[in-house]
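A short reminder: the numbers here are calculations on the coordinates, not readings from a lab. Since the structure is predicted, the reported quantities are computational estimates derived from the model, not experimental observations. Using ideal geometry, Cβ is built from the backbone for each residue, glycine included, and neighbour counts are taken over all protein chains shown.
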Amino acid sequence: MKLKIGRRRLLVGVAAVVVLLGVAGAAAGVYANSVAVPDLPPLRGSTDIRYADGSPLALVGRDDQLPIDTRHLPPHVAAAVLAAENPGFRDEHWFGRPSRLGVQYTRILIDAPNIGTAKLALIARKVEDRYGKDTILDRYLNSVYFGRYAYGVEAAALDFFGKQAAELTPGEAIVLAAQLDSPGDGAFDPTLHPDAARRRFDEIRKEMPGGDGAQFPAGTLTTAQWEQQRKARHPEGVAQYLADKAILDIAALNLPYEGARVITTIDPRLQQALVKQVDAAADGSVMHGQPANLRAAAVAVQPGTGRILAYYDDARATPGPPGNAFVPITLAAAIKAGISLQSRWLAPAEMDFPSEGRLAKQGNPVRDVKRCPGGKPSCTLLDAQRDGLRLPLFAVASKVGAPAIVDMARACGVGTMWAYEQDKLTPVPLDRAGKELAPKYFQAEIGLGQYPLTLADEANLMATFASGGKRATAHIVAEVSYAGQTRYHADEHTEAALDEGVARDVTWALAQQPAGRLADGRPTAAATGEWTLAPTLAERSQPPGQFQVDLTKFAHASIAGFTPQLAVAVRVGNKGDEEHVLVDRTGARINATTMPAQIYRQFLAEALAGAPRFDVPQPLALGDPNTGNAR
């Protein structure tokens, strides 16, 4: 009887345990199902910016992380990491347990250092179930910290061996894998602790399939070598300009810059040649030893593609008034309207233009200190454009109309011009017809180059003429990829911007500019221009007629021109917002034909070394020579 009672109690107890286990299991299942599987975010990391030929330009980011497609790596790279971290990675996942590597990657993924072990294991198991071991391994290789600020195997290969991960030998892969045991203090860094590094190397080699033949490498970069290499990769000075410009352009494309590999259009040879002329820190440059307030900027564009081949400007491309360097646009609009380069125009000291509201009695006639060749009262439009005569060019702009000049600027590749709106200089995109923008923003002063634009647009409009009237979009970003997958490739097609005959006549006119002729006598098609020092507030507040702008004191001076191979724009101005009269280190005043033209000629001479000579096309002499305001 007691046996029966005992057995009954035992059965009841067992049943209770089973019920409790079932309840617990059900509760655990409910809990497990309630734990969400995190999405895999896009691989992020440093922005790897490169020259057009693929050579490194700059690495942007506090730490080094360069995502790649690890499926294309030699097998021994992943094998070394697995031998060091998780030899049974491919076989684990029994009794619902995740692999060690899966747990480690999940910790990186969710970034929760204080999470409990059980919950971490549960999430890791679900991550492995959802994404698979190959994806987990790829993410781990791209994310794990190796030391020396290097996250991921690509950055680690660069920081420890100065090469890409695809180039690692089996021995080098094992050395990198050894760092994962203690990345923070370099306990297994061969250059710091050679005995410990070799001991750990041997341990990993024994675990690694096919590792018997791996040799301990002798080429690990020392800490000093690594720091020097890293400093060279992270941008400063000129490289910072280029890196910042590329990142801004990537953002404008609505693409993330973290983790991006960016191929720029910058030609390293041409970039070096440009820096040699415009960087004040470069010995022998035109700007070396000049007054501290002076700043030079320059951009070179390839005609027919829009590729910016060399760039020296701040990242946001501060605009400036081009002055007479804008004259190709005015000429093209005039010729299109039937006005000949041989038409004659008056050029007195000052002149009223009632239709434009420029009157002497109001204190604002159009004035000039320059005269026609030989002191004659009038000259041809060809002479006026070459010498930058304000009155003839203003008269042409007034006759053609500001809307037509705006349309021509947009057609030739100018994307934005700046104009004053409520006493504030404001960017005005040229995305509408000229009649919608002028005279609201732009008046006949556009013919004098009054309205600022960027140097890239200035160079690109010249590239349009160099291409016979075909416009491309200026760009510095050629390609953007993430972990080996290309997301953006620049469109370099051209569109007809203006009649080829108009482009030919303008090119011939610009080739008459002596400031654009190179030292060996080769011509270029060029235009020079200046803009005067802005009047002070006190000067602007004087009654009409009591203050006149000094037309010989310049705050901006520029030259823009081209050959069939290259279009270039150069500007010399003031640093910052405060304007001073431009003078060089000798105290001589600067104009467009001095310092800017010197930079332009010396850069082009080096850039075009060995290139075919530019043969200036003969003009078609389009337009009516009787369309001027003088006979």
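What are the equivalent ellipsoid semi-axes of the stretch 325-373, built from the alpha-carbon gyration tensor (square roots of five times its eigenvalues), in whole angstrom, biggest first? Show your work: numbers first, answer last.
Details: eigenvalues 108, 40, 22 Å².
For the stretch 325-373, the semi-axes come out at 23, 14, 11 Å.
Quick one: 3J(HN,Hα) in Hz for the stretch 376-384, Karplus 6.51/-1.76/1.60 with θ = phi - 60°, rounded, Gly and Pro as x.
Running phi through 6.51 cos²θ - 1.76 cosθ + 1.60 with θ = phi - 60° gives 5, x, 9, 7, 6, 4, 4, 5, 4 Hz.
Hey, got the dipole for the chain? About the Cα centre, +1 on K and R Cβ, -1 on D and E Cβ, debye to the nearest 20? Each step should come with its number before you reach the end.
Values: 67 positive and 68 negative charges, 295 e Å.
The dipole of the chain has a size of about 1420 debye.
Rank C412, T426, G449 by how far each Cα sits towards the positive end of the charge dipole of the stretch 404-511 (+1 on Lys, Arg Cβ; -1 on Asp, Glu Cβ) and give me just the farthest.
Positive-most Cα among the choices belongs to T426.
Using alpha carbons only, how many degrees (0 to 90, rounded to 10) separate the axis of helix 500-510 from the longest principal axis of the chain?
70
Label points 7 Å out from Cα along the Cβ direction at D202 and R367: separation in nm?
My value for the distance between the label points is 9.0 nm.
Could you tell me which of rounded, prolate or oblate describes the stretch 146-214, using a ≥ b ≥ c as the square roots of the eigenvalues of the alpha-carbon gyration tensor, with rounded for a/c under 1.5 and, failing that, prolate when a/b is larger than b/c and oblate otherwise? Could the numbers behind the result be given before it?
Details: a/c = 1.89, a/b = 1.14, b/c = 1.66.
Since a/c reaches 1.5 but b/c is at least a/b, the shape of the stretch 146-214 is classed as oblate.
Angle between the Cα long axis of helix 223-233 and the longest principal axis of the chain, 0 to 90 degrees, nearest 10?
Once rounded, one gets 40 degrees.
What would the Debye equation give as log₁₀ I(q)/I(0) for the chain at q = 0.06 Å⁻¹, counting only Cα atoms as equal point scatterers?
-0.48
Note down the net charge around P612, summing +1 for each Lys or Arg and -1 for each Asp or Glu among other residues with Cβ under 15 Å from its Cβ. If you can, show how the numbers build up before the last one.
Numbers: positive: R522, R613; negative: D520, D615.
Charge balance in the 15 Å sphere: 0.
Could you tell me what % of all Cα pairs in the stretch 392-475 have separations over 22 Å? Kindly include the intermediate steps, with their values, before the conclusion.
Details: 796 of 3486 pairs.
In whole percent, the share of Cα-Cα pairs in the stretch 392-475 beyond 22 Å is 23.
What per residue convex hull volume, in Å³, comes out for the stretch 368-414 when only alpha-carbon positions are used?
Numbers: hull volume 4.0 nm³, N = 47.
Hull volume over Cα atoms, normalised by residue count, gives 85 Å³.
Taking 2.2 N^0.38 Å as the expected size of a compact globular protein, what ratio does the Cα radius of gyration of the stretch 471-518 give against it, to two decimals?
Working: Rg = 17.9 Å, N = 48, 2.2 N^0.38 = 9.6 Å.
So the stretch 471-518 has a normalised radius of gyration of 1.87.
Hey, which of these cross-link pairs are over 26 Å Cα-Cα: K370/K399; K553/K575; K440/K553; K399/K424?
Numbers: K370/K399 21 Å; K553/K575 17 Å; K440/K553 29 Å; K399/K424 28 Å.
Distance filter (> 26 Å) returns K440/K553; K399/K424.
All other residues with a Cβ under 11 Å from the Cβ of L158 taken together, and with Lys, Arg as +1 and Asp, Glu as -1, what is their net charge? Display every interim value, and only then the final one.
Values: positive: R148, K163, R230, R233; negative: D48, D64, E154, D159, E167.
Local charge sum for L158: -1.
Under the rule that a partner needs its Cβ under 4.7 Å from the first Cβ, which Cys of the chain have none?
C412
Subtracting the Cα-Cα distance from 0.36 nm times the residue separation, let me have the gained length for Q229 to R97 in nm, one decimal. Present the calculation step by step, with values, prior to reporting the outcome.
On the way: separation 132, 0.36 × 132 = 47.52 nm, distance 4.23 nm.
So the chain would gain 43.3 nm between Q229 and R97.
Taking the 0 to 90 degree range and rounding to the nearest ten, how far is the long axis of helix 238-252 tilted relative to the main principal axis of the chain, both from C-alpha atoms?
80
Considering just Cα atoms, how many Å³ per residue does the convex hull of the stretch 230-348 enclose? Walk me through the numbers before you get to the answer.
On the way: hull volume 23.6 nm³, N = 119.
Hull volume normalised by residue count: 198 Å³.
Between the DSSP loop rule and a limit of at most 12 other Cβ atoms within 10 Å, which trypsin sites (Lys or Arg not before Pro) in the stretch 222-316 are left?
Qualifying residues, ordered by number: R316.
If we count every other residue with Cβ under 13 angstrom of Q179's Cβ, Lys/Arg +1 and Asp/Glu -1, where does the sum land?
Numbers: positive: R148, R200; negative: E85, D159, E172, D181, D185, D189.
So the environment of Q179 carries a net charge of -4.
Kindly identify the stretch 91-155 as rounded, prolate or oblate by the Cα gyration tensor criterion: order the square roots of the eigenvalues as a ≥ b ≥ c, call it rounded if a/c is under 1.5, otherwise compare a/b with b/c, prolate if a/b is larger, else oblate.
On the way: a/c = 2.48, a/b = 1.46, b/c = 1.70.
Oblate, since a/c reaches 1.5 and b/c is not below a/b.
Applying a 10 Å radius around every beta-carbon, put 515-525, 322-332, 611-621 in order of their mean neighbour count, most first.
Working: 515-525: 17.4, 322-332: 29.0, 611-621: 13.4.
Going from most to least packed, we get 322-332, 515-525, 611-621.
Which FRET efficiency, nearest 0.05, do K440 and N114 yield, Cβ-Cβ r, R0 60 Å?
Values: r = 60 Å, r/R0 = 1.00.
Taking R0 as 60 Å, the efficiency between K440 and N114 is 0.50.
Figure the gain on full extension for D53 and R517 (residue separation times 0.36 nm, minus the Cα-Cα span) and round it to one decimal in nm.
Here the answer is 164.0 nm.
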